[in-house]
Amino acid sequence: MQFGIPKIKQETGGLTEKELDIQGNAIFLVPVQDFDANMLPFGKEIAKRLKRAGHKLDSDKVFSTDLPNTNATRVALAGIDPATSAFERLTLARQLVAAHKGQKPQQLAVACFGLKPGEAARACEAVLAALLAADFPMPDYKSKPDKPARLREIHIYGYASADAYTRTIAEARGNNLARWLTALPPNELTPGNYRRRIEKLAREYKWKTEFLDIKKLKARGAGAFLAVAQGSPEPDAGILHLHYTPKKKSSKAALALVGKGICFDTGGTNLKPAKYMHGMHEDMEGSAVALGALLALTELKADFPIDCWLALAQNHIGPKAYKQNDVVKAANGKTIEIVHTDAEGRMVLADTLYFASQQKPKLIVDYATLTGACVGALSTRMSGTLTNREKLVPVLIEAGNASGERVWPFPLPKDYEDALKSDIADIKQCTLDNDADHILAATFLKKFLVNDPDWVHVDLSAGNHKGGLAHIPTDTTGFGVRFTLNLLMDQKVLS
């Protein structure tokens, strides 16, 4: 995959008619309140066209037109309202960028007119995030692949970011990686192929790697993970452990990122029907988001150590596949009664969370496309979170709202554990009535944590949203990288 991004130029001065003449495409960001078209290059003409189209300038609609200048510059115009949420701002940015898609520009101007510095900063960041997402080429296996013209340059006028959008660029790289991996077909992204791709990336970013293969997992008694892996014809499953160390010696608390990496989910013995099996190559998105977050934090030179644990496997059907009423023993010694083989995600995560928490991180964040119940509760517009720390509930909401990757926390009451009591084992894997399964899944996972770390479980119900979500234009959203960076860098949950 290509990680390259366009060159970004910034100027505090405004965009003039003369400069606009050499731009084929431009985005104008103006205030909703006190908008005066005269502040714009070709403002009188734009005002006439706004009036003729009956377009009322507001914060959720985009007006686009081709100017009567030398280059017939395509301009997309939107009003910026400081009261809008980050999600709304990013959604508007996606619409502004989409207005230029058909022209496949190689350079694009983004210009602020009449915005206060804070408003300009937020608006430009959102547009840049949307541009970097839209410019990224997703996997294409057509015999005659569409090779879109990539943006070479983004020129921002009227506002200059002091850090040159370092964080936005890092978040984009992480999200692009997550989306690209998630979109790969399952015959291409097998657990073994996936591991090799990640190990190549690890060499580039100087992450230490350790792969716990089937043999090593057997030695560690990881029966929960191995129950899922045993149905696969290829013994390529395992847990890939990546470690990032800051360049400067740090005494700061450690972070662990954990991701579900089921490269294809048939449902196992409890086979999914075609409608629900279609798209199950994306069941590894949690691992891709964990990896994308690690990449973004590495790009930003995070000053705390990070461990990333990726549970890579497939949930196959076959003569060796695990089945209902099996009893297996996890690495922490707990026995598990299998109730439904399509609840494989919590099985591979159980042992992975146990190994991650053995390292005594201060915080564990795990990501998984885990339950249909969470989609039923929230739709695919936001993701669910659950935590063992009640104090983190408002922090999670704020991180979601501020990042534009919205989440909603669910409770973890102790009495929900009653539903997972087994007559034959220490715990049931799940129930068959789908009663609050997103809560029961997290209740199950919590049982495999040791050393009492702070823990946030992200159920990625927004991992795929038809038509895109916020600034992301593809159905595959890579949801979670921006949320994670906000949680760590703005909410400072490791402090």
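Values as computed for the structure displayed
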read-out: Size of charge dipole - the chain - debye, nearest 20, with Cβ of Lys, Arg +1 and Asp, Glu -1, no other charges; value: 1140
read-out: Helix-only [θ]222 nm of the chain, DSSP H runs n ≥ 4, -39500 (n - 2.57) each, per residue, nearest 500; value: -9500 deg cm²/dmol
read-out: Fraction of alpha-carbon pairs over 29 Å apart in the chain - percent; value: 51
read-out: With DNA, RNA and ligands ignored, accessible area of Asp283 (1.4 Å probe; Å², nearest 10); value: 10
read-out: Cα gyration tensor, the stretch 352-394 - rounded (a/c under 1.5), prolate or oblate; value: oblate
read-out: Within the stretch 281-380, trypsin sites (Lys or Arg not before Pro) in DSSP loop having at most 16 other beta-carbon neighbours inside 10 Å; value: Lys301, Lys320, Lys323, Lys362
read-out: Separation between Cα centres of the stretch 27-67 and the stretch 423-495, rounded to whole Å; value: 42
read-out: The stretch 196-226: trypsin sites (Lys or Arg not before Pro) falling in loop per DSSP and having at most 16 other Cβ within 10 Å; value: Lys206, Arg220
read-out: Rg/Rh for the stretch 421-463, where both radii come from Cα atoms and Rh is the Kirkwood radius; value: 1.01
read-out: Prolate/oblate/rounded call for the stretch 297-440, Cα gyration tensor, a/c under 1.5 rounded; value: prolate
read-out: Protection proxy ranking of 49-57, 406-414, 73-81 - average other beta-carbon atoms within 10 Å, highest first; value: 73-81, 406-414, 49-57
read-out: At q = 0.13 Å⁻¹, base-10 log of I(q)/I(0) for the stretch 248-369 (Debye sum, equal scatterers on each alpha carbon); value: -0.58
read-out: log₁₀ of I(q)/I(0) at q = 0.10, 0.23 Å⁻¹ - the stretch 139-243, Debye sum with one point per alpha carbon; value: -0.48, -1.33
read-out: More than 19 angstrom apart: percent of Cα pairs within the stretch 1-84; value: 43
read-out: Rounded if a/c under 1.5, otherwise prolate or oblate - the stretch 352-437, Cα gyration tensor axes; value: oblate
read-out: Heavy-atom accessible surface of the chain: percent carbon and sulfur, 1.4 Å; value: 50
read-out: Distant-in-sequence amide H partners of Gly384 (H built 1.01 Å from N, under 5 Å); value: Trp408, Asp459, Ser461, Ala462
read-out: Average accessible area per residue (Å²) across the stretch 333-376 - probe 1.4 Å, nucleic acids and ligands excluded; value: 24
read-out: Computed accessible area, Thr371, all protein chains, 1.4 angstrom probe, square angstrom; value: 10
read-out: Positive-end extreme of charge dipole, the stretch 122-212 - chosen from Ala183, Pro148, Ala170 (charges on Cβ); value: Ala183
read-out: Cα-based equivalent ellipsoid, the stretch 363-495: semi-axes from gyration tensor eigenvalues, Å; value: 26, 19, 11
read-out: Å² of accessible area per residue within the stretch 22-163, as computed with a 1.4 Å probe and no ligands counted; value: 48
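The values are calculated or read from the model by the stated rules, or taken from the named source; none is laboratory data. The structure displayed is predicted, hence computed values, not measured ones. Virtual Cβ from ideal backbone geometry, glycine too; neighbours counted across all protein chains shown. The accessibility values were calculated without ligands, DNA or RNA, using every heavy atom of the protein model including side chains. Shrake-Rupley method; radii C 1.70, N 1.55, O 1.52, S 1.80 Å.
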